[in-house]
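Below: one structure, written as structure tokens.
The values are calculated or read from the model by the stated rules, or taken from the named source; none is laboratory data. This one's a predicted model, so the numbers in the text were calculated from it and none came from an experiment. Ideal geometry is used to build each Cβ from the backbone, glycine not excepted, and the neighbour counts take in all protein chains shown.
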Amino acid sequence: MAKINKTIKTITVDADKCNGCRACEIACSSFHAEPKYSSVNPARARIHVITDRLRGIWLPIFAGEYTPAECMGRNKYIINGKEYDECYFCRASCPSRDRFKEPDSGLPLKCDMCEDDPPLEEPLCVQVCLNDVLTYAEREEEVDEDTVLDDAEIALQSLIDEYGMDVLLDTVNRMLQKEVE
Amino acid sequence: MRYAETGYNLEIDLSTGNIERVETDPRLMELFLGGLGTNVKIHWDRVPPETQAYDPENLLIFSTGLLCGTPMHSANRTLISCISPQTNLLAYPMMGGFWSPELKHAGYDKVIFRGKSPKLVYIYINNDKVEIRDATHLKGKGAIETQEIIREELGDLQIQVSAIGLGGENRCAVASIEQSRGSCSRGGAGAVMGDKNLKAVAVRGTKDIYMADGVKFWEVMDEVRAFIRHRNENPLPGIMPILAGLGSPQSMLHIDEQWHTESFAWGNARVRRRNFWTKEIEKSWGESQTEAIERLISCYNCTQQCGALISYRDVPNYLMKCFSKLTYGMAAYVDDLDFTWRICKRAFEYGLDSFSTPQILAFAVELYEAGILTDEDFKGCPTDKEGRFFWLLDRVAHREGIGDLLADGTYWAAKRIGKGAEQYDHNTTKKHEQMIIKLGMLDPLYYLMYSTNEKISIPQVEGNWPQAPFPRMEDREAFVEDWVQLPHERFKKYFLDWEPRGEFSNPHYPTPEIASEIVDWMETLHNIDDAIGLCAGVGSFCLKPPYHIHNYPKLISAATGLDLDEDSLTHTVNRSRNLHRAYNILRGLKREDEKPPEDHWRRRFPELEKELLTTYYKFKGWNEEGVPTRERLEGLDLPYVADELEKRGVLKNGQD
């Protein structure tokens, strides 16, 4: 299989440096407003600083993958003697919680690293964090060429959606047998 | 569509329980911006000068600033205004923290309280849903504790809560309103809140704030941010560390407090300890501060680190504001910071002003030492300095015994105690505890600021102009070189000419004309900050700040859609300043009230001081008595104010 170079984008969170100002939430919501920069609303941000000031908790988390089904189990945290709500520190947009969903539509939100044309030097949350809690890096990784597979998978999925898995499998079997013959 | 502001106020009548969401007139933003500006207008329109602090008609207005909640770094201030029980003038204490942006996102610019609740209540604002909730279970609870309990019972850590402690409940005239690491302290707004039987206001909001031209706004913010980074990496050379950077004086970040501890007066604003900052003190304070501070923290949308989470031995965690680190210790003559970390926690829970309260306690100690207060008054009081302060603090918050008199503040306590106690009330202006500074030579700039500003308390008036001339010309030249914040080039000359000694030094230089001009500029900056909700630590109270008269108009215009330039912005805040002035004059403010404490400087110059004040009044468009003239008021679109001043006989017909 062919190898290709892929750009991996990371934002490193040095939570020890966070002083809880939420500038990242403001920048994020402003960048993703429609039209761009036309409004501000941390409730629409794809980054959220979990804050419990007196217990020393300032933890920026980025909106992760949308999941249509909640986890099989729940997790609970106890920190400095306080028990936090179930899944409080999770970054998924999931049916069991309101976090990382558009407050109006309920549609899931996910960090997209502020992809833009022309591209930003760094995601906006990283730019506004003057305490360097957030640092952005890109690296090249060699990965298997999988673009074609992705396309094939999309095509197959649409066939499954149209005809159902059984019909599709029957068809493939029939075609295979024809080839053998 | 309304930009930057939400266009709605919340009106809550605590007597009847009526809650209304009221759309505001868009023209008010043009005329008064927001924050302090629009608050003053509401008080002028709705609270007549006969109203006293504890009348149900006294409005208590929680306000956001016009740019709170926009992407403007450090625009997070909450301003609370009411008639002060201490000064009987319009007070407007402010705090940082997180409350104000949350209120905007809930869809309101202000919450206006009137009346008095029959029982203790708190308010929960959750976007469009607003509830008056029972707070009897919170009676007597601390102001910090209350914030936690409410968040817990409403089940949302993102709720922001402003609350009073026992100080406010017991109507101590120096009671504060506390929230996160902020505190609305000066003038006793907490007492008015307690008088209204209002324990707390909790807010959660998830709505949009709209920007008129967000793209343009971010362009200016990119420059501002680059400047902040530059200033953070390059403290001003030759300036004491706590004032060399941005933010409020960096008392949490820095250990070095030589300047505050040696230049300011200890006890009841009495003694300067010129050799206090020894190697031993530096070591002990360094160790204590490192132990106590778990993390430096900031307010909403601000990356400066002026506050701290204090986690100290057996003291439950709390958030520290910058200068409280020094006020109790210095007032009590206690050299060990251990005392500070302990007493601040208790005082913050009570919800008492960290500037006024330590002075009141020190005043009580002096009265005791002078025999004016007796053993009977101090029965049960420990004899050590630390214990005495804790004991007195408890008495004030509970209004027990002598604490009942002290709780009204130094001025009123002295009057009621009598027996010569008035002589010990030597550091109040307009009945309010002033900064603890006692110096040698009259300073014309400070003379005007102490005398005239509505904030009364000096640290909230001064700012962009260095506190003293630089001895060396080359340092002055270097300082003015990149001084882009100045309103005019000629200000550079004023600074270059200003000498520590000789003809061009205090008290005769800056001349009354130049002093008026410089003070007017600094006041204008404060008035802008207080209208837009910007922290003075990156604006008006700061040397070489990122925000200044040349970029305020761009930011305000881009956020709101107003078309402002430097002149029209200055004109706008002059309007609210003059309205505020006129309002206080109707409430009895007079020229003879406008003076710093007698002993503020050893060397005073009565004739020069008179000339300074008269020149400044004239510069402002006020008459000999300090009353805005009809011409001035009409020029600011305030003819109705001139009419009212004339009707009440304060401004004589046809008088200029």
Within the range B:47-64, restricting to residues that are touching a Gly at 6+ places or on another chain (Cβ under 9 Å) and part of a loop (DSSP other than H, G, I, E, B), the one that is nearest to B:GLY96 (Cα to Cα) is B:THR64
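Look at the range B:316-340 and say how many of its residues are more than 24 Å from the chain's Cα centre (by Cα), aromatic (Phe, Trp, Tyr) and part of a helix (DSSP H, G or I).
The initial filter retains those residues of the range B:316-340 that are more than 24 Å from the chain's Cα centre (by Cα), namely B:316-317, B:333-339.
Going one step further and asking which of them are aromatic (Phe, Trp, Tyr), we end up with B:333, B:339.
Checking which are part of a helix (DSSP H, G or I) leaves us with B:339.
Adding up the residues that qualify gives 1.
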In the range B:272-302, anything surrounded by fewer than 23 Cβ atoms within 10 Å (Cβ to Cβ) and either within 7 Å of another protein chain (Cβ to nearest Cβ) or touching a residue at least 60 places away in the same chain (Cβ under 8 Å) (or both) is listed as B:ARG272, B:GLU294, B:ARG295, B:LEU296
Output for Cβ contacts, cut-off 8 Å, separation at least six or different chains, first residue farther than 23 Å from A:ALA2 by Cβ in the range A:144-161, second modelled with pLDDT of 85 or more, reads A:LEU159/A:LEU168; A:ILE160/A:LEU168
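Take the residues in the range A:95-115 that are within 14 Å of chain B (Cβ to nearest Cβ) and touching a residue at least 40 places away in the same chain (Cβ under 8 Å); name whichever of them is farthest from the chain's Cα centre (by Cα).
Here the residue is A:PRO103.
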In the range B:607-656, anything free of Cβ contacts under 8 Å to residues at least 40 places away in the same chain, outside any helix (DSSP H, G or I) and basic (Lys, Arg) is listed as B:LYS652
Original post:
Given the structure, is B:PRO500 buried (at least 20 other Cβ atoms within 10 Å of the Cβ) and more than 23 Å from the chain's Cα centre (by Cα)?
Top reply: no
Exception for B:ILE310 within (1) assigned to a loop (DSSP other than H, G, I, E, B); (2) of a type in the set (A, V, I, L, M, F, W, C); (3) without any contact (Cβ under 8 Å) to a residue 60 or more places away in the chain falls at (1)
Within the range B:453-503, residues modelled with pLDDT of 95 or more, aliphatic (A, V, I, L, M) and part of a loop (DSSP other than H, G, I, E, B) come out as B:VAL484, B:LEU486
The one condition B:SER251 fails out of (1) surrounded by fewer than 22 Cβ atoms within 10 Å (Cβ to Cβ); (2) away from chain A (no Cβ under 13 Å); (3) in contact (Cβ under 8 Å) with a residue 40 or more places away in the chain; (4) not in a helix (DSSP H, G or I) is (1)
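Among residues belonging to the range B:341-383 that are in a helix (DSSP H, G or I) and without any contact (Cβ under 8 Å) to a residue 24 or more places away in the chain, point out the one that is surrounded by the most Cβ atoms within 10 Å (Cβ to Cβ). Let's see the steps before the verdict.
Step one: filter the range B:341-383 for residues in a helix (DSSP H, G or I), giving B:341-350, B:356-369.
Now restrict to residues that are without any contact (Cβ under 8 Å) to a residue 24 or more places away in the chain: B:368-369.
On the way: B:TYR368: 18, B:GLU369: 10.
Selected residue: B:TYR368.
Residue under question is B:TYR450, and the condition is that it be touching a helix residue (DSSP H, G or I) at 6+ places or on another chain (Cβ under 7 Å) and in a helix (DSSP H, G or I); does it hold?
Judged against the criteria, B:TYR450 is a match.
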Counting only residues in the range A:1-39 that are among the hydrophobic types (A, V, I, L, M, F, W, C) and farther than 13 Å from A:CYS125 by Cβ, the one farthest from the other protein chains (Cβ to nearest Cβ) is identified as A:MET1
Within the range B:61-110, residues being away from chain A (no Cβ under 11 Å), in contact with a Ser or Thr (Cβ under 9 Å, 6 or more places away or on another chain) and not charged (D, E, K, R) number 23
Only unsatisfied item for A:CYS28, checking (1) assigned to a loop (DSSP other than H, G, I, E, B); (2) within 16 Å of B:CYS302 (Cα to Cα), is (1)
Checked the range A:40-54 for anything under 18 Å from A:ASP14 (Cα atoms) and either at the interface with chain B (Cβ under 8 Å from one of its Cβ atoms) or not in a loop (DSSP other than H, G, I, E, B) (or both); matches are A:ILE47, A:HIS48, A:VAL49, A:ILE50, A:THR51, A:ASP52, A:ARG53
Across the range A:124-135, the tally of residues that are surrounded by 15 or more Cβ atoms within 10 Å (Cβ to Cβ) and away from chain B (no Cβ under 14 Å) stands at 0
*Test result for B:LYS620, modelled with pLDDT under 95 and among the basic types (Lys, Arg)*: no
Of (1) within 14 Å of another protein chain (Cβ to nearest Cβ); (2) among the hydrophobic types (A, V, I, L, M, F, W, C); (3) in contact (Cβ under 8 Å) with a residue 40 or more places away in the chain, B:ALA53 satisfies every one except (1)
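Do we have any residue at all in the range B:422-432 that's among the acidic types (Asp, Glu), without any contact (Cβ under 8 Å) to a residue 12 or more places away in the chain and surrounded by fewer than 22 Cβ atoms within 10 Å (Cβ to Cβ)? I'd like the intermediate steps shown before the answer.
Of the range B:422-432, the ones among the acidic types (Asp, Glu) are B:422, B:425.
Next cut, without any contact (Cβ under 8 Å) to a residue 12 or more places away in the chain only: B:422.
Then drop every residue that is not surrounded by fewer than 22 Cβ atoms within 10 Å (Cβ to Cβ), which leaves B:422.
Within the range B:422-432 (the criterion being among the acidic types (Asp, Glu), without any contact (Cβ under 8 Å) to a residue 12 or more places away in the chain and surrounded by fewer than 22 Cβ atoms within 10 Å (Cβ to Cβ)), the answer is yes, since at least one residue qualifies.
Given A:GLU115, A:GLU138, which one is exposed (fewer than 13 other Cβ atoms within 10 Å of the Cβ), in the same structural domain as A:THR7 (by TED's automatic domain parsing) and not in a loop (DSSP other than H, G, I, E, B)? Quick ask: steps written out before the conclusion?
Working: A:GLU115 fails: not in a loop (DSSP other than H, G, I, E, B).
Checking each option against the conditions leaves just A:GLU138.
One line per residue, one yes/no per condition, for (1) outside the structural domain of B:ALA163 (by TED's automatic domain parsing); (2) touching a helix residue (DSSP H, G or I) at 6+ places or on another chain (Cβ under 9 Å); (3) crowded, with 24+ Cβ neighbours inside 10 Å; (4) not in a loop (DSSP other than H, G, I, E, B):
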| position | (1), (2), (3), (4) |
| --- | --- |
| B:VAL22 | no, no, no, yes |
| B:LEU28 | no, yes, no, yes |
| B:ASN39 | no, yes, yes, yes |
| B:ASP45 | no, no, no, yes |
| B:LEU66 | no, yes, yes, no |
| B:HIS73 | no, yes, yes, no |
Reported set for the range B:561-606 where residues are acidic (Asp, Glu), surrounded by fewer than 18 Cβ atoms within 10 Å (Cβ to Cβ) and either over 30 Å from B:ALA212 (Cα atoms) or in contact (Cβ under 8 Å) with a residue 40 or more places away in the chain (or both) is B:GLU566, B:GLU592, B:ASP593, B:GLU598, B:ASP599
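Could you list, in sequence order, all residues of the range B:10-42 that are touching a strand residue (DSSP E or B) at 6+ places or on another chain (Cβ under 9 Å) and under 13 Å from B:LEU66 (Cα atoms)?
The first filter runs over the range B:10-42 and keeps only residues touching a strand residue (DSSP E or B) at 6+ places or on another chain (Cβ under 9 Å), leaving B:10-15, B:17-24, B:34-36, B:38-40, B:42.
Within the range B:10-42, B:GLY34, B:GLY35, B:LEU36, B:THR38, B:ASN39 meet the criteria.
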**Report entry** Qualifying residue in the range B:119-142 (condition: within 14 Å of another protein chain (Cβ to nearest Cβ) and surrounded by 19 or more Cβ atoms within 10 Å (Cβ to Cβ))
**Finding:** yes
Given (1) more than 8 Å from every other protein chain (Cβ to nearest Cβ); (2) not in a strand (DSSP E or B), A:PRO60 misses just (2)
